Structure formats: structure tokens, C-alpha cells
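In what follows, a single structure is set out as C-alpha cells and then discussed.
The values are calculated or read from the model by the stated rules, or taken from the named source; none is laboratory data. Quick caveat, the model's predicted, so the values are computed rather than measured. All Cβ positions, glycine included, derive from the backbone under ideal geometry; neighbour counts span all protein chains shown. These accessible areas exclude ligands, DNA and RNA; they are computed on the full protein's heavy atoms, side chains included. Shrake-Rupley method; radii C 1.70, N 1.55, O 1.52, S 1.80 Å.
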Amino acid sequence: MPCPHPPHRPTVRRWLTGALGAAAMAMALTAGAAQAALTPLPGKLAVAPGRALSAVACPSASVCVATAGTQELTFNPLRFRRPVTRTLFTGRGLMIDGLWCASTRACVGIDFQSADAFDPLTPHPTAPVRLEPVTGEGLVAVRCPSRVECVAVDSFGDAITYDPVSGRRLRAQIKVDGDERLTALACPSATQCTALDDAGYEYTFQPRTGRPLGRYRIDPAVGLNAPSGGSDSELDGVSCPGAHLCAAVDTLGNLIAFDPLAAGTPAAFSLTTLAVDPGGSLAAISCKRTGVCVAVDRGGNAVGGSIGSAASGTSASVQLQHVPGAQALSSVACPTTSRCIAVDSAGNAFQLAVTST
């Protein structure tokens with residue numbers, strides 16, 4: 001859902017200014033009082049020229065995996081060469097709808113109903129495993145908190161936990177969210193995941209038992225249903241640098257930081273919402289355990305800052321930066337505390353430097 005984006009001149013925004021509640025403050029992230037500056041590095045990496053890249057995962061500074069259509073492309077952003085493509089779900093013709101890498105040798109891609117675990121550093125073909133049991137429902141996101149545990153969520157409010165090595169289902173179906181469409185997923189550990197839906201809610205759950213850990217509407221601005229039954233705006237990305245701190249972004253340019261394990265009452269559930277990209281459409285966010293996060297939008301812009309600063313009751317100033325040469329940015333991954341990789345709709349990857357100030 002492309003939206004008009006602000007001029008390319010950097011605009012100073014306030015990142016997070018309110019406290020997130022006792023639980024989040026007690027977390028005391030290591031970069032709690034730090035601020036972060038974001039600088040796009042010159043040049044672009046032509047990963048798949050002319051083809052839209054839909055996702056990127058970087059399990060290390062020298063290994064990144066991007067997806068374009070039915071193919072995955074592995075590349076080294078530090079010594080870039082045109083990557084060799086590999087088609088997942090051979091013969092199926094379905095698009096790769098989600099991607100995650102638990103390590104440099106263990107990645108998973110999903111299509112509408114199946115998951116394919118692969119080693120991005122070897123060319124050996126792999127066999128997909130069908131996860132989605134219901135025809136007409138589709139997988140939308142996957143996260144692997146370990147090499148032997150992945151969690152996928154679908155368009156009908158369900159989650160599935162499985163072992164990507166054996167293909168064995170660890171939890172065949174978790175009713176996360178009734179029948180609402182889930183849009184994004186983060187799993188900070190093997191015992192905790194947080195999913196978002198298109199009505200503005202977050203759902204936190206235990207992926208092996210299915211036990212609900214928390215539920216709250218974090219974004220009343222989205223989820224206004226159109227006559228067709230779809231949403232005009234929605235939460236599209238989430239990243240959780242720790243058990244008590246997550247950051248989500250929506251298509252209206254807002255960032256919402258929250259504690260997913262807070263008590264389930266409005267009085268106890270503290271969150272902070274800021275318009276970091278007014279008029280923009282944020283597509284994805286990636287956070288490190290230090291609390292430094294980078295988000296990207298569909299206008300070719302990026303914004304970065306420290307959500308840890310909010311957890312300690314301080315504030316940070318950041319700039320909304322246009323990434324030179326970027327088209328609509330769709331995904332971002334931050335393999336180190338000082339470097340992130342973003343990908344766009346023209347098949348390019350861009351390096352973003354993050355420095356603490």
C-alpha cells in the first residue's frame with residue numbers, strides 16, 4: 001500500500017519520549033541511554049536488478065539472503081558479487097512469502113502453504129514440508145529462534161511450530177487470533193513469540209505449548225476495515241530485542257514500542273507511539289539486543305534510533321533519511337550493532353551505518 005513520502009531532506013524526529021512501564025524499565029538494556037545516528041553508505045548492491053526483493057535476512061555481517069519471487073539469493077555485502085539464484089519450492093511456482101535465518105547455515109523460506117529449510121552456503125536442493133493444513137489459508141511470516149525450532153503464522157489467525165531439520169511439527173496449530181489475518185511475527189526466544197494482526201493487536205504466546213502470554217491492542221490508528229473486509233492500514237513489522245521489549249511499525253508511519261509481557265489490563269499495559277514517518281508507509285523494522293532499531297518505508301526512506309532509551313525514561317533524536325538510489329524498501333536486517341542491510345523493489349540492497357552517539 002504505497003503512500004506519499006516526505007521530501008528527501010532529512011527531518012529530525014523525536015523517537016521515543018515516554019516511559020514504557022516498570023517491566024520495560026527494569027530490563028535495563030545495555031544501550032538504554034544511548035542515541036543512534038543512521039547514515040546510508042554510498043552505492044547500492046545489485047542483487048537482482050529489475051526484480052522486486054521482498055525479504056532479507058542477515059545471520060552474520062558477511063552472509064545475507066534475499067528473496068525475489070520464487071528464488072533466494074545469498075550474497076556477502078562486504079565483498080559483493082552477483083549472487084547465484086536458487087529456486088525454492090521447485091515446480092510449485094509459488095512466491096516466497098517469508099524468510100528467516102537462524103544461522104549462516106540454516107535458513108527457512110515459506111510459500112503459501114509450505115516451508116523449505118536450506119543451507120544458503122551450499123547449492124544442494126532441499127524438499128519443502130507442507131505446514132498449512134487448510135486450503136485457502138496462507139502462511140505470511142516465519143521466525144526461527146533456534147536451528148531446531150521455527151514458528152510460522154498464517155492469514156487466518158493461526159501459528160504452527162515445527163523442527164526445520166526433521167520437518168516434524170512440534171505444535172500443529174495454535175489459535176493465536178481467532179480468524180483475523182496475522183501480518184508479522186517476532187520470536188526473541190524459543191519460549192516466546194509475538195504476532196501482529198491487521199486490526200492493530202499484538203498477541204504473545206508460547207510457541208511449543210500454545211499458551212497465550214499476552215494480548216493487547218497497541219495501534220488503534222490501524223485496522224479500519226474497508227467495505228471489502230480488508231484493512232486500509234495495518235501493522236506490517238515487529239522486532240523484539242528482548243522478552244520485555246518490542247517495536248512495531250505500521251503503514252501510517254507510526255512506531256509503537258511495548259512490553260509484550262505486561263499485565264493484560266489497559267492500566268498496566270504501557271506503550272509509546274510516535275509518528276516517526278508521517279505520511280510514509282513503514283514496511284519493516286529490525287532491532288538489536290542493544291535496543292537500537294532501524295525501520296524502512298515504501299518511499300525509500302530509513303529511520304533509526306534506540307528504543308532502549310525509552311525503557312530508561314530518556315529520549316533520543318533521530319533523522320528520517322532518504323536512502324540514495326532506493327525505490328520502495330521492503331525489508332531490513334541488522335546483523336551487527338553498526339550495520340544494517342535494506343532491500344528494495346528494484347532488486348537492490350543498501351548498507352546503512354548505525355553509530356551510537
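The number of residues in the stretch 147-158 being outside any loop (DSSP other than H, G, I, E, B) and in contact with a strand residue (DSSP E or B) (Cβ under 6 Å, 6 or more places away or on another chain) comes to 6.
Mind telling me which of the residues 184, 199, 152 ends up being out of contact with any helix residue (DSSP H, G or I) (no Cβ under 8 Å at 6 or more places or on another chain), among the hydrophobic types (A, V, I, L, M, F, W, C) and surrounded by fewer than 23 Cβ atoms within 10 Å (Cβ to Cβ)?
199
Restricting the stretch 279-305 to residues that are over 15 Å from residue 37 (Cβ atoms) and among the β-branched types (Val, Ile, Thr), the residue that is most open to solvent (accessible area, probe 1.4 Å) is 285. Taking the stretch 207-219 as the range and being within 19 Å of the chain's Cα centre (by Cα) and outside any strand (DSSP E or B) as the test, the residues that pass are 207, 218, 219. Among the numbered conditions (1) among the small types (Gly, Ala, Ser); (2) open to solvent by 20 Å² or more (accessible area, probe 1.4 Å); (3) over 25 Å from residue 286 (Cβ atoms), the only one that residue 167 does not meet is (2).
Being under 30 Å from residue 75 (Cβ atoms), outside any loop (DSSP other than H, G, I, E, B) and open to solvent by less than 30 Å² (accessible area, probe 1.4 Å): is that true of residue 174 here?
In short, no.
Residue 132 satisfies every condition listed in (1) within 23 Å of residue 190 (Cβ to Cβ); (2) modelled with pLDDT of 95 or more except (2).
Just one of (1) within 29 Å of residue 288 (Cβ to Cβ); (2) open to solvent by 10 Å² or more (accessible area, probe 1.4 Å); (3) within 18 Å of the chain's Cα centre (by Cα) fails for residue 105. It is (3). For the stretch 143-200, the set of residues classified as more than 20 Å from the chain's Cα centre (by Cα), closer than 26 Å to residue 271 by Cβ and among the basic types (Lys, Arg) consists of 175 only. Does residue 276 qualify as being at pLDDT below 95, open to solvent by 10 Å² or more (accessible area, probe 1.4 Å) and under 19 Å from the mean Cα position of the chain (by Cα)? No, not satisfied.
The condition of being at pLDDT below 95, within 16 Å of the chain's Cα centre (by Cα), polar (S, T, N, Q) and farther than 17 Å from residue 283 by Cα does not hold for residue 314. Summed over the stretch 72-90, the residues that are polar (S, T, N, Q) and over 16 Å from residue 46 (Cβ atoms) give a count of 2.
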